[in-house]
1. Step through the residues of the range 216-221 one at a time and calculate ³J(HN,Hα) from phi using the Karplus curve (6.51 cos²θ - 1.76 cosθ + 1.60, θ = phi - 60°), rounding each to whole Hz and writing x for Gly and Pro.
2. Summarise the long-distance tail of P(r) for the range 161-237 by giving the % of C-alpha pairs beyond 15 Å.
3. Stretch GLU12-GLU270 to full length: gain in nm at 0.36 nm per residue minus the Cα-Cα span?
4. Please work out how much length the chain gains when fully extended from ARG63 to ILE99, using 0.36 nm per residue of separation minus the C-alpha to C-alpha distance, in nm with one decimal.
5. Around TRP201, what is the net charge, scoring Lys/Arg as +1 and Asp/Glu as -1 over all other residues with Cβ under 13 Å from its Cβ?
6. Can you work out ³J(HN,Hα) from phi for every residue in the range 231-240, in order, using Karplus 6.51 cos²θ - 1.76 cosθ + 1.60 and θ = phi - 60°, giving whole Hz and x for Gly and Pro?
7. Around TYR166, which amide H atoms from residues at least 5 apart in sequence, or from another chain, sit under 5 Å from its own amide H, with H modelled in the peptide plane?
8. Say R0 is 56 Å: what FRET efficiency, to the nearest 0.05, do GLU33 and VAL339 get from their beta-carbon distance?
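Quick note: the coordinates plus some simple rules give every number you see, no bench work behind them. Since we're looking at a predicted model, the values are computed, not measured. With ideal geometry, Cβ positions are generated from the backbone for all residues, glycine too; neighbour counts draw on all protein chains shown.
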Amino acid sequence: MGRRPTITDLAERAGVSVATIDRVLNGRHPVREETARRVYEAAREIDYHAAGLIRQRIERDLRPIRFGFLLLKEEQAFYRAFAVQLTRAVEETPGIRGIVHIEFVRSQTPSDFVKALETLATRADVIGMASLDHHLVTRVVESLKASGKAVFSLLSDFAQGVRDTYVGVNNMKAGRTAAWLISRTAPQVGKVAVFVGSHRWHGHELRETGFRSYFREYAPQFHVLDTLVNLDTKEVTHEATVTLLERHPDLAGFYVAGGGFEGAIAALRELDLARPPSVVVNELVPETVDALREHLIVGVIATPLERLCRALVDLMVKTLQAGPLETSGQLFLPFTLHVPESV
């Protein structure tokens with residue numbers, strides 16, 4: 001069993017004196033917030049037993065801010081990682097005492113998003129959410145904005161002109177990147193396909209548009225099939241992938257623009273094709289890492305979650321301090337492209 005870190009260890013890691021650590025712990029004399037937070041970060045790093053107490057000392061005189069986040073399916077690794085990064089971003093933002101409320105929506109029914117948003121709004125001062133684009137959702141966002149409560153759209157935009165800021169990747173570029181990669185790695189020229197969760201996901205629609213526009217402009221020798229809707233579920237995607245490959249043995253590639261990629265990966269693994277199509281999916285999670293290593297897929301377009309969450313929380317704090325934007329904004333973050341040899 002390792003030695004328990006001491007106050008001397010903490011002082012050394014934080015680069016301050018033991019007396020400064022004592023002042024932070026006991027609140028006897030004021031310590032600059034920057035110094036106190038450095039002590040807290042060091043305490044977390046070395047697992048110092050009083051890290052929680054140090055955090056309380058830092059936040060004691062700060063006004064609490066209630067952050068509300070509405071995400072999708074909790075059972076998916078991507079959204080679990082998203083929740084972790086959101087919590088961490090709030091905890092590590094200086095000058096605030098943040099309280100995090102995270103809720104998950106399992107269905108794609110507009111009424112379920114509305115209900116979840118209305119409930120979350122009673123517990124949060126500012127909200128960030130991933131949602132489909134629907135007039136019922138827009139109506140609630142309008143009502144919240146009128147009451148002074150800002151809503152940020154995450155990953156896929158919605159309520160344009162009403163929500164505060166969209167924070168995510170440029171989905172049009174993501175779609176074009178997927179098409180570029182498929183056109184250069186496909187086993188032969190032929191048909192290509194794209195899956196979207198539904199036509200109510202603005203981000204998926206933009207990815208599809210980018211995907212199609214690239215092939216029209218730079219690779220017209222490929223034929224883009226009608227768009228497939230998979231409801232972001234692995235079961236539907238699995239069945240659709242098997243059917244797609246049976247009907248189109250010359251399929252050159254496809255892009256899963258939303259969720260449900262687990263089903264496509266499972267189908268490719270089961271079919272064990274001699275000349276598999278080039279497949280691109282989104283988000284780097286254990287399932288997609290394994291698929292890259294097995295060469296079942298050729299690329300993963302990933303959201304920079306840590307950077308996104310830090311930028312989002314900063315924007316939320318600024319909005320609470322200065323008030324909601326009169327004109328809705330956009331913050332595009334660069335996505336990362338992963339291929340079999342990069343994982």
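1. Values, residue by residue: 4, 7, 10, 9, x, 5 Hz.
2. Details: 1705 of 2926 pairs.
Of all Cα-Cα distances in the range 161-237, 58 percent exceed 15 Å.
3. Working: separation 258, 0.36 × 258 = 92.88 nm, distance 5.47 nm.
Roughly 87.4 nm would be gained on extension.
4. Details: separation 36, 0.36 × 36 = 12.96 nm, distance 1.05 nm.
Result: 11.9 nm gained on full extension.
5. Values: positive: ARG200, ARG207; negative: ASP133, ASP157, GLU205, GLU208, ASP232.
Once all neighbours under 13 Å are counted, the net charge is -3.
6. Values, residue by residue: 6, 6, 10, 5, 5, 5, 5, 4, 4, 5 Hz.
7. Here the answer is SER153, GLY329, GLN330, LEU331, since their amide H atoms fall under 5 Å of that of TYR166.
8. Taking R0 as 56 Å, the efficiency between GLU33 and VAL339 is 0.85.
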